[in-house]
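Structure, as structure tokens:
The values are calculated or read from the model by the stated rules, or taken from the named source; none is laboratory data. Being a predicted model, the structure only gives us computed values, none of them experimental. Positions of Cβ are generated from backbone atoms using ideal geometry, with glycine treated the same way; all protein chains shown enter the neighbour counts.
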Ligand code: MG
């Protein structure tokens, strides 16, 4: 990006993260990036990826952005959060990868963001090495959310960060699976709650 260019606003990218939640992700990635890379599960069109990338850049860390780019349950055709712009007519499936790639380019973050296209649980099984931060914002069905928790929490370095999006404590106000993951993290005795910004929970790993 040119030095005199205005800073790119991630809010211009499709997504659900608020500016306040985004700023908290940037701050967390800036601190946790000193301990290892940042792993994002569920990038969709790249809004949150850009917030993470801003912090990772300051820390000299990379963001591994994991997504199968076929959309979560709620993004499918006929579902509440379907977006026609994500529909690949030839494939007859959602495909957010072109939009993601465009966002990372427009955000000037291609040097910091590494896209991994595939299922997070399969990648978790072969991943080696500690990470500074895991941000869980993948599928919101209970099985997907629990798979992401089980597969990835063990890779977080002591002192590192676990962030979870869409944590909604009141069952009347939204889906429960991300909140279930939050409860499991607390019950494990390994994670301390640090902040709840909007529906973004940030925890730190104690050991
Ligand atoms: Mg989310």
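Just a few scattered comments:
- For the range 177-186, the candidate set comprises residues that are under 19 Å from residue 207 (Cα atoms) and in contact with a strand residue (DSSP E or B) (Cβ under 8 Å, 6 or more places away or on another chain); within that set, the residue that is farthest from the ligand (Cβ to nearest atom) is 186.
- Only one of the listed residues (74, 80) is modelled with pLDDT under 95 and assigned to a helix (DSSP H, G or I). That residue is 74.
- Of all residues making up the range 187-200, the number that are within 19 Å of residue 140 (Cβ to Cβ) and either in a strand (DSSP E or B) or free of Cβ contacts under 8 Å to residues at least 60 places away in the same chain (or both): 3
- The range 6-20 - residue that is in a loop (DSSP other than H, G, I, E, B) and away from the ligand (no atom under 14 Å from the Cβ) and, of those, surrounded by the most Cβ atoms within 10 Å (Cβ to Cβ): 8
- Among the candidates 53, 65, residue that is outside any helix (DSSP H, G or I), at pLDDT 95 or above and under 22 Å from residue 155 (Cβ atoms): 65
- Cβ-Cβ distances below 6 Å connect the following pairs, each with a first residue in the range 27-55 that is more than 14 Å from residue 17 (Cβ to Cβ), a second residue that is assigned to a loop (DSSP other than H, G, I, E, B) and more than 12 Å from the ligand (Cβ to nearest atom), and a separation of six or more residues or different chains: 33/61; 36/130; 37/61; 37/62; 38/61.
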